[in-house]
Amino acid sequence: MHKWKQSLVRGSTTIRDTIRTIDASSMQIALVVDKASRLVGTVTDGDVRRAILRGDSLEEPVESIMNSQPTTATINESSESIFLLMRQKQLHQIPIIDDEGRLVSVEIIDELLQPASKANPVVIMAGGLGSRLSPLTDDCPKPMLRVGNKPILETILESFIEFGFHRFHFSVNYRADVVKEYFGDGSAWNVGIRYIEENQRLGTAGALSLLDPAPQLPLIVMNGDLLTKINFQHLLDFHSGHNAVATMCVREYEQQIPYGMVSVDGHRLVGIKEKPAQKFFVNAGIYVLNPGAFEYLPRASAIDMPDLFSRIVEDGRPASVFPLREYWLDIGRFDDLERARNEYEGRFST
């Protein structure tokens with residue numbers, strides 16, 4: 001991962017010191033942020049050269065020469081759309097910001113063309129029964145159901161590979177033999193795959209306690225029945241930028257109440273809101289965990305991810321949420337599977 005944080009400066013930083021920052025970071029850009037880490041501008045070699053040609057003093061604050069309206073992308077944009085934007089604008093790098101304008105990453109076009117190899121392990125939960133999809137899952141684990149021309153789990157694997165991940169653990173239980181026979185050790189995809197075998201049901205987080213050795217880097221955990229276009233690099237950068245022990249991806253869910261909602265004060269009618277819509281954030285089944293999160297996992301005992309996060313929060317440790325707005329589909333029912341098959345070619349085929 002490129003060290004974009006070395007390119008950060010404040011608006012009051014002198015032009016001279018900003019030049020040193022640009023030279024030291026080798027990214028050809030300085031990123032001007034405020035105290036809340038919100039991006040307020042960028043400075044490139046070209047901006048500096050123009051200032052020198054104008055005769056500006058190098059002791060002036062860099063905010064006097066920065067581009068205060070730089071081209072940016074959000075954490076929810078796909079690598080494909082960011083790459084197209086960079087090609088269109090002829091940009092070598094582009095800052096990535098969250099919904100509040102805070103800088104969370106920087107994309108480099110060379111890395112989009114060929115992502116840097118990442119040592120972070122990835123755990124994919126692939127041991128569920130998938131009983132709601134019976135009889136399709138009577139002899140086939142749900143992650144191995146075909147969507148497009150391949151199993152769901154293979155699409156998930158390839159999505160991670162696109163971002164440079166190569167260390168995988170598949171947590172398996174029901175019909176583990178089907179998964180292991182298909183993927184083997186991962187050499188067919190030029191990655192390494194190891195298996196966490198649950199001899200008993202351990203919930204959505206318990207199998208992590210069986211990882212040996214325990215991870216030394218933040219790891220991503222994902223349910224094996226999801227299709228998504230999330231940018232995993234942005235997720236990791238967001239997690240790191242918020243100094244979180246654990247990060248949960250969340251999805252906005254809207255529920256339409258089919259009746260008029262009545263507000264009362266005692267026996268008095270205060271108001272009526274006709275068929276209001278309520279919005280919630282729901283768990284999207286994708287997580288980032290620091291090694292410190294493993295302190296809260298019981299050894300080889302059942303625990304679900306929400307309970308793990310509750311333990312972390314109750315202990316006063318920081319946990320964050322990553323709002324996911326990219327394509328996301330949880331394949332839990334027959335209509336979800338049918339939708340996935342109808343949408344797959346337009347979303348995932350190359």
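For region 68-102, a residue qualifies if it is more than 23 Å from Glu162 (Cα to Cα) and within 20 Å of the chain's Cα centre (by Cα), and the qualifying residues are Asp99, Glu100, Gly101, Arg102. Considering region 156-174, and only residues there that are buried (at least 21 other Cβ atoms within 10 Å of the Cβ) and not aromatic (Phe, Trp, Tyr), the residue that is nearest to Arg333 (Cα to Cα) turns out to be Ile156. Restricting region 31-42 to residues that are modelled with pLDDT of 95 or more and among the hydrophobic types (A, V, I, L, M, F, W, C), the residue that is nearest to Ile96 (Cα to Cα) is Leu39. Of all the criteria given as (1) surrounded by 14 or more Cβ atoms within 10 Å (Cβ to Cβ); (2) at positive phi, the one not satisfied by Gly55 is (1).
Within the option set Ile312, Ile303, Ile286, being of a type in the set (Val, Ile, Thr) and either over 26 Å from Pro213 (Cβ atoms) or in a strand (DSSP E or B) (or both) holds for one residue only, Ile286. Scanning region 112-140 for residues that are touching a residue at least 60 places away in the same chain (Cβ under 8 Å) and either under 19 Å from Glu197 (Cβ atoms) or acidic (Asp, Glu) (or both) gives Pro121, Val122, Val123, Ile124, Met125, Ala126, Gly127, Gly128, Gly130.
Taking the listed residues Phe170, Phe238, Phe183, the one that is of a type in the set (Phe, Trp, Tyr), more than 23 Å from Glu295 (Cα to Cα) and not assigned by TED's automatic domain parsing to the domain that holds Ile75 is Phe183, with no other qualifying.
Taking first residues from region 180-191 that are of a type in the set (Asp, Glu) and partners that are outside any loop (DSSP other than H, G, I, E, B), the Cβ contacts under 6 Å between residues at least 6 apart in sequence or on separate chains come to Asp185/Ile193.
For region 299-311, taking the residues that are over 22 Å from the mean Cα position of the chain (by Cα) and among the hydrophobic types (A, V, I, L, M, F, W, C), the one that is surrounded by the fewest Cβ atoms within 10 Å (Cβ to Cβ) is identified as Ala300. Being more than 26 Å from the chain's Cα centre (by Cα) and at positive phi is a property that does not hold for Gly11.
Does Lys229 meet the test of being touching a strand residue (DSSP E or B) at 6+ places or on another chain (Cβ under 7 Å) and of a type in the set (Lys, Arg)? So Lys229 does not fit the description; no.
Residue check: is Asn283 surrounded by 11 or more Cβ atoms within 10 Å (Cβ to Cβ) and in contact with a Pro (Cβ under 6 Å, 6 or more places away or on another chain)? In short, no. Could you list, in sequence order, all residues of region 312-350 that are among the aliphatic types (A, V, I, L, M), under 16 Å from the mean Cα position of the chain (by Cα) and surrounded by fewer than 16 Cβ atoms within 10 Å (Cβ to Cβ)? Passing the criteria: none in range. Number of residues in region 239-283 that are closer than 18 Å to Gly316 by Cα, part of a strand (DSSP E or B) and not polar (S, T, N, Q) equals 2.
Which of the residues spanning region 148-191 are at pLDDT 95 or above and in contact with a Lys or Arg (Cβ under 6 Å, 6 or more places away or on another chain)? Listed by number, the residues that qualify are Phe165, His169. Identify all residues within region 117-140 that are polar (S, T, N, Q) and either closer than 15 Å to Ile286 by Cβ or not in a loop (DSSP other than H, G, I, E, B) (or both); write none if there are none. Asn120, Ser131 - these are the residues of region 117-140 that are polar (S, T, N, Q) and either closer than 15 Å to Ile286 by Cβ or not in a loop (DSSP other than H, G, I, E, B) (or both). Please indicate, with yes or no, whether at least one residue in region 285-304 is on the phi > 0 side of the Ramachandran plot, among the small types (Gly, Ala, Ser) and touching a strand residue (DSSP E or B) at 6+ places or on another chain (Cβ under 8 Å). Scanning region 285-304, I find at least one residue that is on the phi > 0 side of the Ramachandran plot, among the small types (Gly, Ala, Ser) and touching a strand residue (DSSP E or B) at 6+ places or on another chain (Cβ under 8 Å), so the answer is yes. Only one of the numbered conditions (1) small (Gly, Ala, Ser); (2) closer than 28 Å to Trp4 by Cα; (3) surrounded by 21 or more Cβ atoms within 10 Å (Cβ to Cβ) is not met by Ala126, and that is (2).
Here is the figure for region 97-107: residues that are over 14 Å from Lys3 (Cα atoms) and among the aliphatic types (A, V, I, L, M) total 1.
Applying the criterion of being among the β-branched types (Val, Ile, Thr) and part of a strand (DSSP E or B) to the residues of region 106-116, the residue that is surrounded by the fewest Cβ atoms within 10 Å (Cβ to Cβ) is Ile108.
The values are calculated or read from the model by the stated rules, or taken from the named source; none is laboratory data. No experiment lies behind these values; they were computed from the predicted model shown. When we count neighbours, we look across all protein chains shown, and the Cβ atoms used for this are built from the backbone with ideal geometry, even at glycine.
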